[in-house]
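What follows is a single structure, written as structure tokens, with notes after it.
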Amino acid sequence: MKAPVDRVLPDTRSRILDAAELLFVEHGLDATSMRMITARAGVNLAAVNYHFGTKDSLIQEVFRRRLTELNRRRLAELDRLEAAAGGGRIKPSRILEAFFGPALELASDTENGGSTFMQLLGRTYTEPNAFVRQFLAEEFAEAIGRFLGALYAALPEVPREEILWRFHFMMGATSYAIAGTDALQLFAGRFDDADPTRFKPRLMSFLLGGLRAPLAEYPDEAR
């Protein structure tokens, strides 16, 4: 006996979020209209207004529904590492794996929308949208603070400002790796292993190398 249709199809709220997520990747946040979203989701504008109110609120929910779980997994892994270390130092490689690993796993999820979302997140980092950047800063605040603290403790010989910059560079490299492989093909031709699960070891090695790189030397006037 077949299940009722309303138990098989995604609920209206999920359909709207899925449609918006796909369209934001295809057209960008600003260029995607509410009319485009309702057409893709197969709902009317009243349904979007009922569930989200405004486009800004819809954008927030598109990010929040996956970021909440992503950051929960990151923090749970960091808690486990800290408990195992018993107050001692944690290897920087383990810290990076705990932060970037869950993101790469999400990026490899092509069945439940994780891949689409990570493309959106990666591209959003480079879009000049002050509203979204402020929202993401608030969503990432706890996780970023905890992981930076762990890196400071793991690398006490490295100035904190330097770690902060390197973490910034690592975030950029990961975002580009997830969302920017199309650009690489423009000048490198066919590019294999674009699946995050396959390039993960290569990327993690690159990130760790950047974190452990010798400190840069600056002219006296630049200090």
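The values are calculated or read from the model by the stated rules, or taken from the named source; none is laboratory data. All values derive from a computational prediction rather than experimental measurement. Glycine gets a Cβ as well: all are built from the backbone with ideal geometry, and neighbour counts include every protein chain shown.
Taking the range 18-41 as the range and being more than 19 Å from ALA179 (Cβ to Cβ) and within 20 Å of the chain's Cα centre (by Cα) as the test, only ALA19 passes.
Of the residues making up the range 207-223, those that are modelled with pLDDT of 65 or more, surrounded by fewer than 15 Cβ atoms within 10 Å (Cβ to Cβ) and of a type outside the set (D, E, K, R) are GLY209, GLY210, ALA213, PRO214, LEU215, ALA216, TYR218, PRO219. Here the range 145-175 is the region considered, the condition is being buried (at least 17 other Cβ atoms within 10 Å of the Cβ) and under 30 Å from HIS27 (Cβ atoms), and the residue that is nearest to the chain's Cα centre (by Cα) is SER175.
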